[in-house]
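The values are calculated or read from the model by the stated rules, or taken from the named source; none is laboratory data. If you're wondering where the values come from, they're calculated on a predicted model, not measured in any experiment. Note that each Cβ is placed from the backbone with ideal geometry, even for glycine, and that neighbours are counted across all protein chains shown.
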Amino acid sequence: MKLGPHLRRIGNDIVAAYLIVTDDGVTVIDAGLPGHWPELISELAEVGRSVADVRGVVLTHGDSDHIGFAERLRRDHGVPVHVHAADAARARGETKTKPSWGKVRVGAIGRFLWYASSKGGLRTTYLTEVHEMTDGQVLDLPGSPRVIGLPGHSPGSVAIHVPVADAVFVGDALTTRHVLTGEHGPQPAPFTDDPAQAATSLERLAELDVTWVLPGHGAPWDGGTAAIVRRISERAS
């Protein structure tokens, strides 16, 4: 799905991953679910590219529905996978957390689980090797992605700012479609380790002058960072 000249999305509003496409190659932001692989290949072909053009994967955090095909790219095609140091063990499957679910609607969680299972999400392939990144780092990858630490959802949760795409990728730092309730609109994401810390971290996004705010779950937001942070803050109060 084309969002802009340098910006593509694969997956859907339930689980999404993104591509940054430049003359220097392709950067993958998050890797969705394992079954998104055919969509990755199709989206690359649509812009005249192939897996050989992928220069790196950047993960917003280490949860299973964001690392989907990352190990396949690393193992079979030599693509480096970058994740914040605080989530490296999580991406390798060495540590896990079980935060409370909160409110659940049967239909919404049923749709999420059905979609995840249809895309191979019930069997996670963890990373065996990662490149650790830090807050403020600019990666030597197409689009020059900059890492913005947003701890809370997980210790190593980050946003990825890519100026050429006029976008910031936020993973589960926020959501525009709650996977457990099906409710649409900007709101805190579920399965968050430390909700209070996550809310505080969001203030860092308001400082950016960016049009696209792109979550791992929910519709893309093109109303700017300040507006979405304000909406979430108003909802919380």
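Of note:
- Among the residues of region 1-33, the ones that are out of contact with any helix residue (DSSP H, G or I) (no Cβ under 7 Å at 6 or more places or on another chain), over 20 Å from TYR126 (Cα atoms) and part of a loop (DSSP other than H, G, I, E, B) come to 6 in all.
- Residue in region 193-208 that is in contact (Cβ under 8 Å) with a residue 60 or more places away in the chain and among the polar types (S, T, N, Q) present: no
Here's the yes/no breakdown for (1) more than 15 Å from LEU141 (Cβ to Cβ); (2) of a type outside the set (Gly, Ala, Ser); (3) in contact with a Cys (Cβ under 6 Å, 6 or more places away or on another chain); (4) at pLDDT 95 or above:
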| site | (1), (2), (3), (4) |
| --- | --- |
| THR27 | no, yes, no, yes |
| ARG49 | no, yes, no, yes |
| ASP53 | no, yes, no, yes |
| ALA70 | no, no, no, yes |
| ARG75 | yes, yes, no, yes |
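- Hits in region 149-160 - residues which are buried (at least 22 other Cβ atoms within 10 Å of the Cβ) and farther than 14 Å from TRP221 by Cβ: LEU150, GLY152, HIS153, SER154, GLY156, SER157, VAL158, ILE160
- Residue list for region 197-209, restricted to those being buried (at least 20 other Cβ atoms within 10 Å of the Cβ) and closer than 14 Å to ALA167 by Cα: LEU205
- Residue match in region 118-136 (condition: among the polar types (S, T, N, Q), farther than 21 Å from GLY35 by Cβ, in contact (Cβ under 8 Å) with a residue 12 or more places away in the chain and in contact with a Lys or Arg (Cβ under 7 Å, 6 or more places away or on another chain)): no
- Residue count for region 171-185 satisfying the condition of being touching a helix residue (DSSP H, G or I) at 6+ places or on another chain (Cβ under 7 Å) and crowded, with 24+ Cβ neighbours inside 10 Å: 3.
- Strands (runs of 3 or more DSSP E) completely within region 165-237 that count 1 or more residues being among the hydroxyl-bearing types (Ser, Thr, Tyr) and modelled with pLDDT of 95 or more: 175-177
- When region 96-112 is limited to residues that are outside any loop (DSSP other than H, G, I, E, B) and in contact (Cβ under 8 Å) with a residue 24 or more places away in the chain, the one that is nearest to the chain's Cα centre (by Cα) turns out to be PHE112.
- Condition check for ALA159: closer than 12 Å to HIS61 by Cβ, within 15 Å of the chain's Cα centre (by Cα) and touching a residue at least 12 places away in the same chain (Cβ under 8 Å): yes
- Residues of region 22-79 satisfying the condition of being crowded, with 20+ Cβ neighbours inside 10 Å and either polar (S, T, N, Q) or without any contact (Cβ under 8 Å) to a residue 24 or more places away in the chain (or both): THR27, THR60
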